[in-house]
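Below is one structure; the comments refer to it alone.
The values are calculated or read from the model by the stated rules, or taken from the named source; none is laboratory data. Treat the numbers as computed from the prediction; the structure is a model and nothing was measured. Positions of Cβ are backbone-derived with ideal geometry, glycine not excepted, and every protein chain shown enters the neighbour counts.
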Amino acid sequence: MSDALFPVPAEWAEHALIDSATYLEKYQRSIDDAAGFWRDEAQRIDWIEPFHTVKDTSFDEADFHIRWFEGGKLNITANALDRHLETRGDQVAIIWEPDNPSETVRKITYRELHRDVCRFANVLKSRGVKKGDRVTIYLPMVPEAAISMLACARIGAVHSVVFAGFSPDALAGRIEDCQSNIVITADEGLRGGKPIPLKANVDAACDKVAVETVIMLRRTGADVQIVSGRDVDWTEVMDGASSDCPAELMDAEDPLFILYTSGSTGKPKGVLHTTGGYAVWTSMTHQYVFDYKPNADGKMPVYWCAADVGWVTGHSYVVYAPLINGATQVMFEGVPNFPDHSRFWEVIDKHQVEIFYAAPTALRALMREGDEWVTKTSRKSLRLLGSVGEPINPEAWDWYHRVVGDRRCPIVDTWWQTETGGAMITPLPGATALKPGSASKPMFGVKPEIVDNDGNIQAGATDGPLVITDSWPGQMRTVYGDHDRFFQTYFNTFPGMYFTGDGCKRDEDGYYWITGRIDDVINVSGHRMGTAEVESALVAHDSVSEAAVVGMPHDIKGQGIYAYVTTNADVEDTEDLRAELVKWVRKEIGPIATPDAIQFAPGLPKTRSGKIMRRILRKIAENDVSNLGDTSTLADPSVVDDLLANRKK
Ligand code: PRX
């Protein structure tokens, strides 16, 4: 923890939507009079029919339910597109910056976006997609990803975006789980100059699960296999489609999307978000956290969230919230270090970005390359910086503040999760003095608490598991197809409360400091990975009999993946096998699951009842071996000596 405190700059206190007094007043009201607070905030959305009940929620097992804005009818795309046409139809909604800066930038106005969304919605309809059907989207960071998502929402279909870095197997599992029979993809993706064979991956996934239609965008023009009767070309089907598509009338609680995320156990869960609460929550948080409003000249500030649409940050803060709020935003196809380490800052200068939101892992990687890549660019347009996805260490925070933001720009360190839909604990730039590394204070309507291991709420400065004791509008509503898993995962550990899976400290000023996951989830470069998923990928290899995976500290990724692998008796533990296993996991899950270290272990530390003692494995991976704790309950304490002797550096 750092002791530094950065007061709110005077011009922010004066001009921001929320100053410190307003924050306190609004926060208090959001807790004391939740119904009144949210009734007012919900007016930011155009409701086709008004809701009759603001909030009807209970986290108790006997009466477990979460419903917001019941009776309300809306369409989120009418809010993100149609309502802007009259006032800002010709305003640029999306500035698309391609992977390679020498390719042409695309600028898409609200009118054009509306037209293309309506067209693509008609394409989906013509392929038999109806309200409630699931549509899988496996696209790179191109405007068509947003168009596809919005086209689904237009007709009430439920999109399931699968990050384009996932393997064919991971894609097939997600298609199967939500029984979607249509996939939208591209021939190839492009990242850092390297092609990613998306269509070939879809073909491989389709060998495992039956899909009726594949719509393919041509991004690179690569030679790909076309399966007749199943595959159709994006441009061809769009050409003939009408741009008139009325927005489907959706109930506030109708599903909007499914997004798969990793948990402690089992396969990734389909996190389901619904329409009304998500629209209110994401647009409100986006407006207040980024102080998003017209500049003095009436123009909307250029906003850039560098997250991929394959993750929740891309859903909430690239696609839905900025468009609902009428933003002009940059959508970036590439990576921070291509063609060189100045790319982010050059894009900021090129498009005069005022608000920039990125993950600490990218900042740490760039910080390592030296300041000159940053300082040779102007960045004068920047006013506000954001961070998301993992704890930002004070060194990276300082660099972001001092070098990137020239000490001028506040940093909003936003803590939230796929499950929470939007920012939960975060500074507001005009209201909150900043402490580097702290996500600071709760957003309106959020009641965080820190509990002890028995679920007793702790007062004052303390640390422990972080829970949220009451519902907020953007909360996930279920695990798709498994409502019981939803309850068991989040509401069973500490009855009556939502358990975040994170550990947290609260200091004497009431600031929250997220310390990281305390369950079997690791956060690799801001991406969630379930240790169980990597383990099951490893044991699927013929040579492996058992595997245990834990997190390890990693300078750039935040956490790396450390795997202990027991091979079959007749297998030799060679360097070749190690390399082969790394490749295997990449193939099974995708490059984000690449193990950083594999240690061959003839035995794993197990209790007499056969449970692996992960605490010991974590300590060895972290090289914190001076105090391994009590090992006397192990069935065979001598395995620890072998593990220590063969620790991977
Ligand atoms: O551990 C927390 C970490 O990321 C987890 C959620 O991951 P995901 O669902 O993929 O969503 C990431 C983008 C919202 C959390 O449980 N996390 C996220 N933001 C922060 C963070 N940890 C510390 N500080 C943050 N600002």
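The table below gives the values:
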item	result
When residues of the stretch 566-592 are limited to those that are among the basic types (Lys, Arg) and in contact (Cβ under 8 Å) with a residue 40 or more places away in the chain, the one nearest to Asp169 (Cα to Cα)	Lys587
Scope the stretch 499-533; condition surrounded by 18 or more Cβ atoms within 10 Å (Cβ to Cβ), hydroxyl-bearing (Ser, Thr, Tyr) and either away from the ligand (no atom under 12 Å from the Cβ) or over 19 Å from Val312 (Cα atoms) (or both); matching residues	Tyr511, Tyr512, Thr531
Close pairs (7 angstrom Cβ cut-off, 6 or more residues apart or separate chains): free of Cβ contacts under 8 Å to residues at least 60 places away in the same chain in the stretch 411-438, surrounded by 24 or more Cβ atoms within 10 Å (Cβ to Cβ) and part of a helix (DSSP H, G or I) anywhere	Ile411/Trp397; Ile411/Tyr400
Number of the exception - Arg586 against (1) touching a Phe, Trp or Tyr at 6+ places or on another chain (Cβ under 9 Å); (2) assigned to a helix (DSSP H, G or I)	(1)
Residue within the stretch 314-335 that is surrounded by fewer than 21 Cβ atoms within 10 Å (Cβ to Cβ), farther than 30 Å from Arg44 by Cα and touching a Lys or Arg at 6+ places or on another chain (Cβ under 7 Å) present	yes
Residue check for Gly455: away from the ligand (no atom under 15 Å from the Cβ), surrounded by fewer than 19 Cβ atoms within 10 Å (Cβ to Cβ), in contact (Cβ under 8 Å) with a residue 24 or more places away in the chain and in a loop (DSSP other than H, G, I, E, B)	yes
Test result for Thr22, over 30 Å from Leu190 (Cα atoms), polar (S, T, N, Q) and outside the structural domain of Pro339 (by the TED database)	no
Sole exception among (1) more than 17 Å from Ser536 (Cβ to Cβ); (2) at pLDDT 95 or above; (3) not in a strand (DSSP E or B) for Leu628, by number	(2)
Hey, Asp573 of a type in the set (Asp, Glu), in the same structural domain as Asn623 (by the TED database) and part of a loop (DSSP other than H, G, I, E, B) or not	yes
Extreme residue, nearest to Gly603 (Cα to Cα), among residues of the stretch 532-565 that are without any contact (Cβ under 8 Å) to a residue 60 or more places away in the chain, touching a helix residue (DSSP H, G or I) at 6+ places or on another chain (Cβ under 8 Å) and of a type in the set (Val, Ile, Thr)	Val565
Criterion (in contact (Cβ under 8 Å) with a residue 12 or more places away in the chain and acidic (Asp, Glu)) met by exactly one of Asp624, Asp642	Asp642
Close pairs (8 angstrom Cβ cut-off, 6 or more residues apart or separate chains): closer than 21 Å to Thr375 by Cα in the stretch 388-401, within 11 Å of the ligand (Cβ to nearest atom) and among the hydroxyl-bearing types (Ser, Thr, Tyr) anywhere	Trp397/Ser387; Tyr400/Ser387
Complete set of residues in the stretch 1-27 that are surrounded by fewer than 15 Cβ atoms within 10 Å (Cβ to Cβ) and either modelled with pLDDT under 95 or not hydrophobic (A, V, I, L, M, F, W, C) (or both)	Met1, Ser2, Asp3, Ala4, Pro7, Glu11, Glu14, His15, Glu25
Positions within the stretch 597-649 being in contact with a helix residue (DSSP H, G or I) (Cβ under 7 Å, 6 or more places away or on another chain) and surrounded by fewer than 12 Cβ atoms within 10 Å (Cβ to Cβ), in sequence order	Gly629
Cβ pairs under 9 Å, 6+ apart, first in the stretch 81-102 and closer than 13 Å to Lys350 by Cβ, second small (Gly, Ala, Ser)	Glu97/Gly334; Pro98/Gly334; Pro101/Gly334
Matching entry among Val549, Val479 (being in contact with a strand residue (DSSP E or B) (Cβ under 7 Å, 6 or more places away or on another chain), of a type in the set (Val, Ile, Thr) and in the same structural domain as Asn623 (by the TED database))	Val549
Top-ranked residue in the stretch 491-526 [being under 23 Å from the mean Cα position of the chain (by Cα) and basic (Lys, Arg); ranked as modelled with the lowest pLDDT]	Arg517
Criterion: more than 14 Å from the ligand (Cβ to nearest atom), farther than 30 Å from Trp399 by Cβ and in a loop (DSSP other than H, G, I, E, B) - qualifying residue of Asp297, Asp291	Asp297
Val467 being crowded, with 18+ Cβ neighbours inside 10 Å, among the hydrophobic types (A, V, I, L, M, F, W, C) and outside the structural domain of Lys55 (by the TED database)	no
